[in-house]
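**Student:** Mind looking over this structure? Questions follow.
The values are calculated or read from the model by the stated rules, or taken from the named source; none is laboratory data. None of these values were measured; they are calculated from a predicted model. Cβ placement follows ideal geometry from the backbone for every residue including glycine, while neighbour counts extend to all protein chains displayed.
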Amino acid sequence: MKTAIVILNWNGKQLLEQFLPSVVNFSSQEAEVYVADNASTDDSIEFVREHFPTVKIVQNLENGGYAKGYNDALQHIEADIYCLVNSDIEVTQNWLVPIIDTFKREPNTAIIQPKILDFKDKTKFEYAGAAGGFIDAFGYPYCRGRLFNDLETDNGQYNDITEIFWASGACFFIRSEVFHQLNGFDEDFFAHQEEIDLCWRAKNSGHTIKYVGDSTVYHVGGATLDTLNPRKTFLNFRNSLLNLTKNLPASKLLPIIFSRLVLDGLAGIKFLLEGKPTHLLAILKAHFSFYAHFLKFIKKRKGFSKKSSYFLHKSVVWQYYAKGRKLFNQLK
């Protein structure tokens, strides 16, 4: 099973210096390593050519963000499995073996995520993916091991292989055939939650998504866009609404969208009370951008799963804030 590890890079020489060695050292026997460059203006590509001659380079003509960057690059890479890895990921010995074995055993499994721990505190799960992603009935994403900003300590509680709803874009394995059948990432997202959209479309097409806890990576997180950046707030709120518009069953579309707009308003008030008016403004901008994209995304709707429910828990927001449930295994 031919595997290609593809690291998307934009002006990331320092990250490549720090993290590319682990990827090359622990992956070369099972996979080919690529750097997909999003039209960098630093000397990161020269650095890779000089210090990592075995790493292959694909150069995109522009910086189209995560979605377009990978869509453009993967047109030029032949493999059975694509492994999309952030440039701020440290991998571990034998991390590929259990994932490739799962793909071999389970032909219907199209997408896999490993265990993602925090590089800055390796005892903790990391925000972007943790032990596998889900969304609640209102489209709010959360993870085993991470509810909102509460991160669990890794005590081996998620050392399993289990079905999940979405896999983190920080370390995202997908069968190349499925990636191209689904036309890759939706470039209208630019960045943030495009992996949730792709996973949702894969599930609507009948594929399975898995978490494999025998494989571990460490993620810095926030290296591309810090969590306190209003731009990230804008993208997360807007793209979540676009996800719902594109992928919800028709009977749930308008009620859930209306509920989300109200809940987002409450989140904006919370930001204001916390002294973060720029984040309130980001939510307002996200809503106006959502209205501008609404009809376009309605036209993208197609192929829905026959499964009755797309969510595991009804309202994580209510359980977290009203009931004080901070751990995944406390959710009901």
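**Student:** For region 17-55, name all the residues that are buried (at least 16 other Cβ atoms within 10 Å of the Cβ) and either in a strand (DSSP E or B) or of a type in the set (K, R) (or both).
**Tutor:** A31, E32, V33, Y34, V35, A36, D37
**Student:** If I ask for residues that are farther than 19 Å from K120 by Cβ and touching a residue at least 40 places away in the same chain (Cβ under 8 Å), which ones from region 3-19 would you list?
**Tutor:** T3, A4, I5, V6, I7, L8, N9, W10
**Student:** Hey, can you tell me all the residues within region 104-130 that are surrounded by 17 or more Cβ atoms within 10 Å (Cβ to Cβ), assigned to a loop (DSSP other than H, G, I, E, B) and not hydroxyl-bearing (S, T, Y)?
**Tutor:** Matches in region 104-130: F119, E126, A128, G129, A130.
**Student:** For region 254-274, how many residues are at pLDDT 95 or above and outside any helix (DSSP H, G or I)?
**Tutor:** The total comes to 0.
A quick yes/no check of all residues on (1) surrounded by 22 or more Cβ atoms within 10 Å (Cβ to Cβ); (2) out of contact with any His (no Cβ under 7 Å at 6 or more places or on another chain); (3) not polar (S, T, N, Q):
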| site | (1), (2), (3) |
| --- | --- |
| T162 | no, yes, no |
| F185 | yes, yes, yes |
| E194 | yes, yes, yes |
| N239 | yes, no, no |
| N243 | yes, yes, no |
| I256 | no, yes, yes |
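**Student:** Where in region 140-238 are there strands (runs of 3 or more DSSP E), lying fully within it, with 2 or more residues that are assigned by TED's automatic domain parsing to the domain that holds G12 and either under 19 Å from K300 (Cβ atoms) or of a type in the set (S, T, N, Q) (or both)?
**Tutor:** 208-219
**Student:** Could you pull out the residue among G133, G129, G145, G213 that is closer than 24 Å to H293 by Cβ, in contact with a Lys or Arg (Cβ under 9 Å, 6 or more places away or on another chain) and not acidic (D, E)?
**Tutor:** Result: G133 is the single residue among G133, G129, G145, G213 that is closer than 24 Å to H293 by Cβ, in contact with a Lys or Arg (Cβ under 9 Å, 6 or more places away or on another chain) and not acidic (D, E).
**Student:** Being within 30 Å of D154 (Cβ to Cβ) and aliphatic (A, V, I, L, M) narrows it down to one residue among L263, L331; which is it?
**Tutor:** Sole residue among the options that is within 30 Å of D154 (Cβ to Cβ) and aliphatic (A, V, I, L, M): L331.
**Student:** Among the candidates T109, T92, single out the residue that is farther than 23 Å from E17 by Cα and not hydrophobic (A, V, I, L, M, F, W, C).
**Tutor:** None of the other options fit; the residue is T109.
**Student:** Right, next: Have a look at T216, T245 and point out the one that is of a type in the set (S, T, Y) and touching a helix residue (DSSP H, G or I) at 6+ places or on another chain (Cβ under 9 Å).
**Tutor:** T245
**Student:** Within region 292-311, which residues are surrounded by 11 or more Cβ atoms within 10 Å (Cβ to Cβ) and either in contact with a Leu (Cβ under 8 Å, 6 or more places away or on another chain) or of a type in the set (S, T, Y) (or both)?
**Tutor:** Result: H293, F297, S305, Y310.
**Student:** Can you name every residue in region 82-103 that is part of a strand (DSSP E or B) and charged (D, E, K, R)?
**Tutor:** Once the filter is applied, which keeps residues that are part of a strand (DSSP E or B) and charged (D, E, K, R), region 82-103 yields only E90.
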